[in-house]
Amino acid sequence: MRGPWLTSVLGLILLFGITVLFVTGLVSYAAYNPDLAAVNDQTPGKGWLGFYLFPWPTSPYWLYRVTQGVHVTLGIVLVPVLLAKLWSVIPKLFEWPPVRSAAHGIERLSLLLLVGGAGFEFVTGILNVQLHYIFPGSFYTLHFYGAWVFIGAFVVHVAFRLPRALRAVGHRLGESAAGTHDAAGLVSPRPAAPTISRRGALGMVGLGSLVLLAVTAGQSMGGWFRQTALLAPHGQDPGSGPNGFQINKTAASVGIRPSDIGPAWRLTVRGAGKQIDLTYDQLLALPQNESSLPIACVEGWSTSDQHWSGVRLTDLAALVGLGTNTPQVFVESVQRGGPFRSVVLRDNQARDDRSLLAVRVNGAVLSYDHGYPARVIVPGAPGVHNTKWVTRLTFGDPA
Ligand SMILES: Nc1nc2c(c(=O)[nH]1)N[C@H]1C(S)=C(S)[C@@H](COP(=O)(O)O)O[C@H]1N2
Ligand SMILES: [Mo]
């Protein structure tokens, strides 16, 4: 069963899948606005690895929901394929002598980066979507640099192996010789009697991937389908009612005190040398607008469109005279410690008519856990940009 045909078919599936993972991963990094250095950029010193960064658009409003849903779901679905591919090349691990020449040594080193890199990216990614933060440092930085190391080795590997893989697959299709011509040394010299066909083995892998798809995809479809997401770490039932949709961090879990968001709460709007403080009632008295937007987390889960209402960011900017050509805005929450308590939104995000400081969702006042008294909601952006428990907005350069 082990031989060039099986290895090549699995390799070609990974060639396609990993390319999609890499592109959607880079896209996710761009969506985090990493060149807004002070707050959002968690990868200092990325240098020219940030060459492709572009201002993340606000349309279509479901953009990040799709790119990140694909990234996470595909990553999980490819696990059986990756494991089968590694199994199919295991004889190479025991090659003797380990290094035959300088060229052979370099090739083996690149395989170390390839296999190690794949393992690192899949393991860190899956630990992260399972909320199991056991890394030495920031997931974001590790996964990003790991991806570049891995993709370098991947490109070299594909360049050397693609012709051979295509030949091995063509072999199988064209002739009955079963594609066992073994330039790669994968076939056992004394194989045991087969218990399953190659197609059967491939079918097993495909079935494994399908099962993973079926118990994962529901978390990025939202609504009824969430019940099918058996692997979703936040659970399948986000509760009912207007506020009954996925919560990332609860108010209690990040230490929001009732006094922080009680009657003493104020919304401070700053910019152009001015500052205005609003009470909750004054905020409600401003023109209220509506937007239907999802929350789409980097972890791959997302909600269906929720019906938000609140004050447009452009209307808040107008309070300090910055309504036309609204600049970037620095958003701060009442939260004292931990990540995500503040974020910078770009000017294109602040200017979008659908970007709100929301006070209501699906007709009800925001629950504490969804960010009462007020939270940001921006079209097309990662969930992390939708700051909850907002208390201050600074338009323009914070300096
Ligand atoms: N202040 C604050 N805002 C926050 C967060 C947080 O931890 N603190 N989490 C962010 C993340 S990562 C996501 S995905 C969304 C989730 O919003 P929800 O819990 O209302 O679904 O809120 C964002 N806003
Ligand atoms: Mo998130």
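Data table
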| read-out | value |
| --- | --- |
| Condition broken by D315, with the remaining ones in (1) of a type outside the set (G, A, S); (2) within 16 Å of ligand 1 (Cβ to nearest atom); (3) surrounded by 16 or more Cβ atoms within 10 Å (Cβ to Cβ) satisfied | (2) |
| Selection status of V27, within 30 Å of L213 (Cβ to Cβ), assigned to a helix (DSSP H, G or I) and open to solvent by 40 Å² or more (accessible area, probe 1.4 Å) | no |
| Scan of the range 318-347 for residues that are farther than 14 Å from G271 by Cβ, buried (at least 17 other Cβ atoms within 10 Å of the Cβ) and not β-branched (V, I, T), ordered by number | S333, Q335, R341, S342, R346 |
| Looking only at the range 229-245, and only at residues there that are open to solvent by 20 Å² or more (accessible area, probe 1.4 Å) and within 20 Å of the chain's Cα centre (by Cα), the one that is nearest to ligand 1 (Cβ to nearest atom) | H234 |
| First in the range 326-340 and of a type in the set (G, A, S), second anywhere and more than 9 Å from ligand 1 (Cβ to nearest atom), Cβ under 7 Å, 6 or more apart | S333/T391; G337/G255 |
| Candidate set from the range 208-223 (those that are open to solvent by 50 Å² or more (accessible area, probe 1.4 Å) and under 15 Å from Q306 (Cβ atoms)); member that is nearest to ligand 2 (Cβ to nearest atom) | M221 |
| Condition check for T250: near ligand 1 (Cβ under 9 Å from one of its atoms), of a type in the set (S, T, N, Q) and either open to solvent by 40 Å² or more (accessible area, probe 1.4 Å) or within 17 Å of H385 (Cα to Cα) (or both) | yes |
| Unmet requirement for Y372, which otherwise passes all of (1) on the phi < 0 side of the Ramachandran plot; (2) within 16 Å of ligand 2 (Cβ to nearest atom) | (2) |
| Neighbours by Cβ (under 7 Å, 6+ apart or cross-chain): first from the range 366-386, small (G, A, S); second near ligand 1 (Cβ under 6 Å from one of its atoms) | G371/K388; G371/W389; G383/N248; G383/I295; G383/C297 |
| Among (1) of a type outside the set (A, V, I, L, M, F, W, C); (2) more than 16 Å from ligand 1 (Cβ to nearest atom); (3) not in a strand (DSSP E or B) - the single one S304 does not satisfy | (2) |
| Hey, S291 surrounded by 14 or more Cβ atoms within 10 Å (Cβ to Cβ), within 16 Å of ligand 2 (Cβ to nearest atom) and either farther than 23 Å from V384 by Cβ or modelled with pLDDT of 95 or more (or both) or not | no |
| Selection count where residues are at positive phi and either in contact (Cβ under 8 Å) with a residue 24 or more places away in the chain or part of a helix (DSSP H, G or I) (or both), scope the range 211-266 | 4 |
| Total residues in the range 363-375, condition within 12 Å of ligand 1 (Cβ to nearest atom), of a type outside the set (G, A, S) and either open to solvent by 30 Å² or more (accessible area, probe 1.4 Å) or touching a helix residue (DSSP H, G or I) at 6+ places or on another chain (Cβ under 7 Å) (or both) | 3 |
| Breaking point among (1) open to solvent by 60 Å² or more (accessible area, probe 1.4 Å); (2) in contact with a strand residue (DSSP E or B) (Cβ under 9 Å, 6 or more places away or on another chain), for T303 | (1) |
| Enumeration of residues in the range 348-360 that are open to solvent by less than 40 Å² (accessible area, probe 1.4 Å) and within 14 Å of ligand 1 (Cβ to nearest atom) | L356, L357, A358, V359 |
| Subset of the range 80-105 [assigned to a helix (DSSP H, G or I), among the hydrophobic types (A, V, I, L, M, F, W, C), out of contact with any Phe, Trp or Tyr (no Cβ under 9 Å at 6 or more places or on another chain) and surrounded by 13 or more Cβ atoms within 10 Å (Cβ to Cβ)] | V81, L83, A84, L86, W87 |
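The values are calculated or read from the model by the stated rules, or taken from the named source; none is laboratory data. What you see is a predicted model, and the numbers here were worked out from it, not measured in a lab. Please note: Cβ atoms are built from the backbone with ideal geometry, for glycine as well, and neighbour counts cover all protein chains shown. Just so you know, the surface numbers come from the protein's heavy atoms only, side chains and all, with ligands and any DNA or RNA stripped out. Shrake-Rupley method; radii C 1.70, N 1.55, O 1.52, S 1.80 Å.
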